[in-house]
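For reference, the structure discussed in these notes is given below.
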Amino acid sequence: PSQPSLTVHLPIHPGADFFHKADPVVSVKIAKVERFLRVGRNDEAHLAFEIDADLTSVFSWNTKQLFVWLAAEYATPKYVESSVSVWDRIVESKEEAHLVLPFVRNKYKLVDNGAGLRGNVVNLTMGWQIMPRVGVMMKGNTTFPHAFTLPEEYPEPPQQQARRTGVYTQPPRHRGTDGRP
């Protein structure tokens, strides 16, 4: 004769992940201000960073992936608070969650609408958005106390902003004497 079986289904409550305690260890430093110039009426900075971010503890049973970003934050007389995203990455597993990047360039330019970057102090903040398998998205961040100051003057002459026509062309390629580029 067959034995009766008892199956119990316990729903996993998405709020159970609120008890997960993460202890990320994150360090971000400016490695170099590669370019600093005026383009049209705006200041523009091209930066490189040194990133060592161990976000493995942020992963739990409910973490599908992390969206990680780096923001440059500063103030101007016109705007009390400006935050510009300059780099980001999607981390899909706990094994990929220790980011060791000794020299990474900004993915997105640091552009100020005006001349608010010259001589200005800039703080860096690394943030992460936890994208769960079920439940509510949560986030965390770290702002670094060692801010950096952009130059008072542009090392390069101001550049005129190109008129936007909607047609983008590549510069002509120089050909050698044999006709090949």
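The values are calculated or read from the model by the stated rules, or taken from the named source; none is laboratory data. The structure presented is a predicted model; accordingly, all values stated were derived computationally and were not measured. Note: ideal-geometry Cβ built from the backbone for every residue, glycine included; neighbour counts use all protein chains shown. For the accessible areas, the whole protein counts, side chains as well, though only heavy atoms, and no ligand, DNA or RNA atoms are used. Shrake-Rupley method; radii C 1.70, N 1.55, O 1.52, S 1.80 Å.
Couple of notes before you dig in:
- Of note, residue 74 does not satisfy the criterion of being under 15 Å from the mean Cα position of the chain (by Cα), closer than 23 Å to residue 147 by Cβ and among the hydroxyl-bearing types (Ser, Thr, Tyr).
A quick yes/no check of all residues on (1) of a type outside the set (Ser, Thr, Tyr); (2) touching a Gly at 6+ places or on another chain (Cβ under 9 Å); (3) closer than 20 Å to residue 51 by Cβ:
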| residue | (1), (2), (3) |
| --- | --- |
| 81 | yes, no, no |
| 86 | yes, no, yes |
| 91 | yes, no, yes |
| 96 | yes, no, yes |
| 101 | yes, no, yes |
| 130 | yes, yes, yes |
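- Residues that are over 18 Å from residue 38 (Cβ atoms), outside any loop (DSSP other than H, G, I, E, B) and either among the hydroxyl-bearing types (Ser, Thr, Tyr) or open to solvent by less than 20 Å² (accessible area, probe 1.4 Å) (or both) occur in region 89-112; there is at least one.
- Hey, residue 57 touching a Pro at 6+ places or on another chain (Cβ under 8 Å) and open to solvent by 20 Å² or more (accessible area, probe 1.4 Å) or not: yes
- The residues of region 16-48 that are under 30 Å from residue 136 (Cβ atoms) and crowded, with 16+ Cβ neighbours inside 10 Å, listed by number, are 17, 24, 26, 28.
- Residue in region 125-139 that is modelled with pLDDT under 90, open to solvent by less than 90 Å² (accessible area, probe 1.4 Å) and closer than 25 Å to residue 78 by Cα present: no
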